[in-house]
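All remarks here apply to the structure that follows.
Coordinate-derived values only; no laboratory data. Since the model is a prediction, treat every value here as computed from it, not as a measurement. Please note: Cβ atoms are built from the backbone with ideal geometry, for glycine as well, and neighbour counts cover all protein chains shown.
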Amino acid sequence: MKRLFYFILLLVGVSTVHSCKDLLDEDGNPLLDINENTGLNGPRALYREITNADTLATYHYNGLQLSKVVTDSMNSTADIAWSGNKISRIDFRGFLDLDKNGKMEKDSIVYTQQFTYAGTGKLEKISENRSYYHRITTAPFSVTNPSPQTLYKKVSSLFDLKYSSSTGKLESTNMKSGPDGPGVNFDTYADTKYEYSGDNVSKVVKNYGPITAGVPGAATRKLGFEYNNYDANINPFTLLPFEYKVTRLIDMDIYLAGLTTPYLANEKHPNGWMISPNNPKRLSITDLAVPVPTPTFFSTNYRYDPQTYMTVGYTVNYMYKPL
């Protein structure tokens, strides 16, 4: 009986150690969630996004600059290079959950994004080269003995960003995409327009369609995203560089532009609020291409720390670390 008692104590001790590790950053510093009564005073950084099922993103820093983002349990990594105080390049290698259904796509992805800035200092263009790899399961391979990851598709994309002349806020992004090769022939476009209520994004409209001989055709998919009932508290993503947040926005365009099946609404898709200072309590998604557009609504009850940073919303937990 005494041995059983000590064995139980040992299990509790091991469990406690692992729980404590989850509340420390890579340098061993305590994260915000350790003490919800006092919160985290002084400068902070967004450290991790997690759900009950997985870690969505872990953010690493070199001093004050975001240097690496590790996503999912498969350690997919985006390395971020800077030129002075501006992001100049992002190199990604790994897997992506492009449809945001909580499962990684089977294809592995490697991409490089190059950033170009206007004379005003604002991000003007992003050029991307993306390679897709998959495992072959046909002879001489099989489902149980697949091939190594094999390159099967390369895509080049160019993103142009426009800003409001009166407010300076992001007004639109335009994507042109096509098979990589000499003299890339773009065959797909995505146009996204942003509307605001004060400083917060209130509406995003996305149009997707083909490009033929350099001329955009009629949109084959139209989606509207609306963001309502903003709180007055601090959005976790205000702690990340604007340029990085834009790459999160355009990832959704790459996914939706290539979608060949009917669109299914998902509360993780309306990510335009990432560039807002506050947090929307209600989201909606509307397929604008159908005869009678009907919005799908999502809502959440946020939790905050004492410094009014949002810590939980839409099933995602946000953890912070001191700088």
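Sort 259-267, 230-238, 174-182 for me by packing, meaning the mean count of neighbouring Cβ atoms within 10 Å per residue, highest on top.
The most tightly packed comes first, giving 230-238, 174-182, 259-267.
Starting from the Cα gyration tensor of region 182-232, take the square roots of the eigenvalues, sort them a ≥ b ≥ c, and report rounded, prolate or oblate (rounded when a/c is under 1.5, otherwise prolate if a/b is larger than b/c, else oblate).
Prolate is the answer for region 182-232, as a/c is 1.5 or above and a/b outweighs b/c.
Too long at a 23 Å Cα-Cα cut-off: which of Lys153/Lys176; Lys86/Lys245; Lys162/Lys281?
From the list (Lys153/Lys176; Lys86/Lys245; Lys162/Lys281), the Cα-Cα distance tops 23 Å for Lys162/Lys281.
Any idea what diffusion coefficient region 216-323 gets from Stokes-Einstein, in µm²/s, Kirkwood Rh on alpha carbon pairs, 25 °C, 0.890 mPa s?
Result for D is 159 µm²/s.
Whole-Hz Karplus ³J(HN,Hα) for region 47-55, in order, using 6.51 cos²θ - 1.76 cosθ + 1.60 and θ = phi - 60°, x for Gly and Pro?
Going residue by residue, I get 9, 8, 10, 9, 10, 5, 9, 7, 8 Hz, with x marking Gly and Pro.
Would you mind checking which residues have amide H under 5 Å from Lys268's amide H? H placed 1.01 Å from N; only 5 or more apart, or other chain.
Amide H neighbours of Lys268, under 5 Å, 5+ apart: none.
What is region 66-303 by shape, rounded, prolate or oblate, if you read a ≥ b ≥ c off the alpha carbon gyration tensor as root eigenvalues and call it rounded for a/c under 1.5, prolate for a/b larger than b/c, and oblate otherwise?
Rounded is the answer for region 66-303, as its axis ratio a/c remains below 1.5.
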